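The values are calculated or read from the model by the stated rules, or taken from the named source; none is laboratory data. Everything quoted here is computed from the prediction, not taken from an experiment. Glycine gets a Cβ as well: all are built from the backbone with ideal geometry, and neighbour counts include every protein chain shown.
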Amino acid sequence: MEPAKKQTPRKFTGDELVVATHNKGKLKELRELFGDRVQKLSAASDYGVEAPPETGTTFIENALIKAQAVAKATGKPALADDSGMCVDALDGAPGVYSADWAEEPGKPRDFGMAMKKVHTLMAGNPDKKAHFVSCLVLAWPDGHYETVEGYAHGSITWPPRGDKGFGYDPIFVPDGDTRTYGEMTSDEKNATNHRAVAFKLMMAKCFS
Ligand code: ITT
């Protein structure tokens, strides 16, 4: 039998990339990471594309849903991030449901409530280990896509500290530091976080 051929990743060659997110915190981080690497970096909201329902059960499925929806609607390559925080003592929850834990019908997202839920469910468990995951999918309008995944390992602290960043940042202390992501500047968070790790892999795969 012939050995399976290794597929060469498709390179991004266009002059415009649409970031398929409606999360302002992610958009800011991705814009900072990209700098001037692409000629034009737009957002899904610039095209009035609404967020599709995230019906997947894995980060990659949800990132693919978001990237392909925006690539199809805009006719441009689109980059989506599906991410979340996985707590060891909670068997990996909230994981892909990280945003859902901040939601209540008819109300804006409340990450104070979501962080409290993490703390309450951990119920004093001495195992504070957790990690963030970021799955990035770059999708083209013809259906082709490339994926990468990045991780940031650390631990959960209580009470929340810091007002920078977004989401669960105030309760996550990355390994090797004593501060939460909520206490770091965006440059400091971008030096090692899960999205920055995934971003570097995506740069090497599709933008080099
Ligand atoms: P889009 O789908 O529009 O990109 P979203 O907020 O719904 O935005 P996700 O479905 O990927 O994104 O949800 C992941 C949630 O996990 C997100 O809302 C954050 O609260 C949390 N999260 C992801 N990355 C994070 C980070 O770097 N710091 C803090 N929380 C993060």
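Things to note:
- Of all residues in the range 138-153, those being more than 11 Å from the ligand (Cβ to nearest atom) and assigned to a strand (DSSP E or B) number 9.
- Restricting the range 160-170 to residues that are more than 9 Å from the ligand (Cβ to nearest atom) and either of a type in the set (Gly, Ala, Ser) or touching a residue at least 40 places away in the same chain (Cβ under 8 Å) (or both), the residue that is surrounded by the fewest Cβ atoms within 10 Å (Cβ to Cβ) is 162.
- Residue 128 vs. criteria over 16 Å from the mean Cα position of the chain (by Cα) and more than 13 Å from the ligand (Cβ to nearest atom): yes
- Number of the exception - residue 38 against (1) within 13 Å of the ligand (Cβ to nearest atom); (2) at pLDDT 95 or above; (3) surrounded by fewer than 20 Cβ atoms within 10 Å (Cβ to Cβ): (1)
- Of the residues making up the range 115-135, those that are in a helix (DSSP H, G or I), touching a strand residue (DSSP E or B) at 6+ places or on another chain (Cβ under 8 Å) and under 18 Å from residue 194 (Cβ atoms) number 1.
- The range 69-91, subset within 13 Å of the ligand (Cβ to nearest atom) and surrounded by fewer than 24 Cβ atoms within 10 Å (Cβ to Cβ), residue nearest to residue 49 (Cα to Cα): 69
- Among (1) part of a helix (DSSP H, G or I); (2) under 16 Å from the mean Cα position of the chain (by Cα); (3) surrounded by fewer than 16 Cβ atoms within 10 Å (Cβ to Cβ), the one test that residue 112 misses: (2)
- Residues of the range 101-120 satisfying the condition of being closer than 24 Å to residue 135 by Cβ and either touching a Pro at 6+ places or on another chain (Cβ under 7 Å) or touching a residue at least 40 places away in the same chain (Cβ under 8 Å) (or both): 101, 102, 111, 114, 115, 118
- Residue in the range 96-109 that is away from the ligand (no atom under 15 Å from the Cβ), outside any loop (DSSP other than H, G, I, E, B) and over 20 Å from the mean Cα position of the chain (by Cα) present: no
- Verdict on residue 178 being more than 11 Å from the ligand (Cβ to nearest atom), hydroxyl-bearing (Ser, Thr, Tyr) and either in contact with a Pro (Cβ under 7 Å, 6 or more places away or on another chain) or part of a loop (DSSP other than H, G, I, E, B) (or both): yes
- Filtered residues of the range 136-159 (kept if in contact with a strand residue (DSSP E or B) (Cβ under 7 Å, 6 or more places away or on another chain), surrounded by fewer than 20 Cβ atoms within 10 Å (Cβ to Cβ) and more than 30 Å from residue 72 (Cβ to Cβ)): 153, 155, 157
- Any hit, the range 125-140, residues being of a type outside the set (S, T, N, Q) and free of Cβ contacts under 8 Å to residues at least 12 places away in the same chain: yes
- Residues that are away from the ligand (no atom under 14 Å from the Cβ), over 17 Å from residue 81 (Cα atoms) and out of contact with any strand residue (DSSP E or B) (no Cβ under 6 Å at 6 or more places or on another chain) are absent from the range 190-200.
- In this structure, residue 66 does satisfy being of a type in the set (Lys, Arg), within 14 Å of the ligand (Cβ to nearest atom) and under 19 Å from residue 137 (Cα atoms).
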